[in-house]
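Trainee: Sending over a structure as structure tokens; questions will come in a sec.
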Amino acid sequence: MLPALEATALRYGITPTAAQLVVGVYFLGFALGQLLFGPLMDAWGRRPVLRGALLGFALAAGLTVVAPSFGLLLLARGVQGFFAASFRIGVTASVRDRYRGETMARLLSYALLVLMVAPVLAPSLGVLLLGLGAWGPYAFPALLGALAFLWSGRFRETLPPAKRRPLAWKSLEEGVFWVVRDPRAIRYTLALGGVFGILYAYLSASAQLYKDHLGLSNARFALAFGATGLLLALANLLGPRLVARLGLGRALRLALRGLLGLLLLLPLHALAPGVFSFWLHLSLVLVLVAFTFPNAQARALEGLGRVAGLAASFTGFFSTLLAALLGAGVGMISQGEPFPFALGLLGLGLLGFGAGEAAERRGA
């Protein structure tokens, strides 16, 4: 969507900053959806809920192609994000159904690779799709959703009926109790909000940052985004080896400290940003975000196997809502200007580092 923001603004007669809401509203829907899909999957199983959500995603994405007004476009994007939340919950809960600890962290690193890397690689594809027209980047997710729905008939259920929890208030209340009484889960939820907020802020403001303030063309912007995505993919592939060697807790603490160090230097760099050096600095920040995210998610759910779906919903909803609100705020307020953008990322990093350190001290 990022290369399409300017075309979207022209199509609906709005400002480029307002067009950022196409990204922000999707993430808001993504946060809200996570609150619902975990309990549904705990009650009805992973497979049927996920298949229904895939169909809803495809239909909502199709509506974005033909939306006659910007308001309807935003509504469709929010619904699209809402159904997309089931993908994260389904993956996380299904992995937790079968694994825990470092094995779970390793598998989540591979599974959540898509969640982290796809948004960074997508602008390169978006530039090509714009050649079809302003509707091109909106039509592609609809096509992917339809294909994924057809393919989902091959999914295997990981939650047998004997382990399902009824969709009743008493059952939900009991599940929430298990989550909120786990201090590590609460602290890592806050850490996930700060760390993932860095990615959201980057996605929201990067078009203005790279094109308006650093002078990149649309094609070079897509190239810079794609190169960052490749670095993130490499980090996710190598991350499990580091976790296996150092242990989950120690590797996570080192990553959070490295992330904070890079973010402390970023505002100084932003005072006189060179295009390549600033791109590299931001890319290294995002590499550590990509490493931290699945491992912090695994750490948050480590003691919550009996309510994996609801726990994934709880931690996913609050961390994503926090990330979406703070990340969108950084993007809207900074409007892509390097120095205020760097300060905003530093604030998000301080939240992630502080909450993560507190969680590990509590668990030590």
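The values are calculated or read from the model by the stated rules, or taken from the named source; none is laboratory data. Fair warning: this is a prediction, and the values are worked out from it, not measured in the lab. All Cβ positions, glycine included, derive from the backbone under ideal geometry; neighbour counts span all protein chains shown.
Trainee: Please state which one of PHE314, PHE276, PHE291 is surrounded by fewer than 23 Cβ atoms within 10 Å (Cβ to Cβ) and either farther than 12 Å from GLY197 by Cα or of a type in the set (Val, Ile, Thr) (or both). Reasoning before the result, please.
Mentor: Values: PHE314 fails: surrounded by fewer than 23 Cβ atoms within 10 Å (Cβ to Cβ); PHE291 fails: surrounded by fewer than 23 Cβ atoms within 10 Å (Cβ to Cβ).
Selected residue: PHE276, the only one of PHE314, PHE276, PHE291 that is surrounded by fewer than 23 Cβ atoms within 10 Å (Cβ to Cβ) and either farther than 12 Å from GLY197 by Cα or of a type in the set (Val, Ile, Thr) (or both).
Trainee: With respect to VAL79, is the statement that it is within 30 Å of ALA244 (Cβ to Cβ), β-branched (Val, Ile, Thr) and either within 21 Å of the chain's Cα centre (by Cα) or crowded, with 21+ Cβ neighbours inside 10 Å (or both) true?
Mentor: Answer is no for this residue.
Trainee: Given the criteria more than 24 Å from GLU302 (Cβ to Cβ), crowded, with 17+ Cβ neighbours inside 10 Å and not charged (D, E, K, R), does PHE221 qualify?
Mentor: Taking the combined requirement at face value, the residue satisfies it.
Trainee: Identify, from the list GLY336, GLY316, the residue that is touching a Leu at 6+ places or on another chain (Cβ under 7 Å), in contact (Cβ under 8 Å) with a residue 24 or more places away in the chain and either at negative phi or not in a helix (DSSP H, G or I) (or both).
Mentor: When all the criteria are applied, what remains is GLY336.
Trainee: Six or more apart or on different chains, Cβ under 6 Å: which pairs go from a residue in segment 57-68 that's touching a residue at least 60 places away in the same chain (Cβ under 8 Å) and closer than 18 Å to PHE87 by Cα to one that's surrounded by fewer than 18 Cβ atoms within 10 Å (Cβ to Cβ) and of a type outside the set (D, E, K, R)? Could you list them?
Mentor: Close Cβ pairs (under 6 Å, with a partner that is surrounded by fewer than 18 Cβ atoms within 10 Å (Cβ to Cβ) and of a type outside the set (D, E, K, R)) amount to ALA58/ALA146.
Trainee: So, in segment 70-122, how many residues would count as being outside any helix (DSSP H, G or I) and at pLDDT below 75?
Mentor: Residues meeting the conditions: 1.
Trainee: Hey, another quick one. Collect the residues in segment 181-205 that are surrounded by 24 or more Cβ atoms within 10 Å (Cβ to Cβ) and small (Gly, Ala, Ser), keeping them in residue-number order.
Mentor: ALA191, GLY193, GLY194, GLY197, ALA201, SER204, ALA205
Trainee: Of all residues in segment 248-257, how many are touching a Phe, Trp or Tyr at 6+ places or on another chain (Cβ under 8 Å), of a type outside the set (D, E, K, R) and surrounded by fewer than 17 Cβ atoms within 10 Å (Cβ to Cβ)?
Mentor: Of the residues in that region, 0 qualify.
Trainee: If you check every pair at least six apart or on different chains, which have Cβ atoms under 6 Å apart with a residue in segment 215-242 that is within 25 Å of THR103 (Cβ to Cβ) first and a residue that is of a type in the set (Lys, Arg) and at pLDDT below 80 second?
Mentor: Final answer for the pair search is PRO240/ARG106.
Trainee: Something else now. If you check every pair at least six apart or on different chains, which have Cβ atoms under 8 Å apart with a residue in segment 266-277 that is free of Cβ contacts under 8 Å to residues at least 60 places away in the same chain first and a residue that is surrounded by 11 or more Cβ atoms within 10 Å (Cβ to Cβ) second?
Mentor: SER277/HIS269
Per-residue answers, yes or no, for (1) crowded, with 20+ Cβ neighbours inside 10 Å; (2) out of contact with any helix residue (DSSP H, G or I) (no Cβ under 6 Å at 6 or more places or on another chain); (3) free of Cβ contacts under 8 Å to residues at least 40 places away in the same chain:
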residue	(1), (2), (3)
GLY90	yes, no, no
ALA93	yes, no, no
ALA105	yes, no, no
TYR110	no, yes, no
VAL120	yes, no, no
GLY126	yes, no, no
ALA134	no, no, no
PRO137	yes, no, no
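Trainee: In addition: If you scan segment 225-247, which residues turn out to be over 23 Å from GLY261 (Cβ atoms) and surrounded by 23 or more Cβ atoms within 10 Å (Cβ to Cβ)?
Mentor: Within segment 225-247, just PHE225 meets the criteria.
Trainee: Would you be able to tell me the number of residues in segment 31-52 that are closer than 16 Å to THR158 by Cβ, of a type in the set (A, V, I, L, M) and in contact with a Phe, Trp or Tyr (Cβ under 8 Å, 6 or more places away or on another chain)?
Mentor: Of the residues in segment 31-52, 2 are closer than 16 Å to THR158 by Cβ, of a type in the set (A, V, I, L, M) and in contact with a Phe, Trp or Tyr (Cβ under 8 Å, 6 or more places away or on another chain).
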